[in-house]
Amino acid sequence: LRLEPVLPDSWKSLRIHYRYHETFHHITIRNNGGKTVTRVVFDGQDRPDNTIPLIDDRCEHNVVVDIGLAS
């Protein structure tokens, strides 16, 4: 799953509970004042490709997506 969120500047974060088959992915999007995904962390591990793997293992997964200015 690839996200390209565009949030109002006044929104500092957004939380999504995304269900993929029998598995929930709890996604927190943190707005650092930009429009580019700068980092994705899936279950504590950085994802260099900035994507969220959709896994159907009936476990809950936590994701953090940081958006900011492109470097």
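Label-point separation (nm) for residue 51 and residue 69, each offset 7 Å from Cα along Cα-to-Cβ?
3.0 nm
Ignoring ligands, DNA and RNA, what percent of the accessible area of the chain is carbon or sulfur (1.4 Å)?
Looking at the chain in its full context, I get 50 percent from C and S.
What accessible area per residue, rounded to a whole number of Å², is obtained for the chain using a probe radius of 1.4 Å?
Details: 4720 Å² over 71 residues.
Ligands and nucleic acids excluded, the figure is 67 Å² per residue.
The values are calculated or read from the model by the stated rules, or taken from the named source; none is laboratory data. Remember, predicted model here, so these are calculated numbers, not experimental data. All Cβ positions, even for glycine, are placed from backbone atoms using ideal geometry, and neighbour counts span all protein chains on display. Surface accessibility is based on the protein's heavy atoms, side chains included, excluding ligands, DNA and RNA. Shrake-Rupley method; radii C 1.70, N 1.55, O 1.52, S 1.80 Å.
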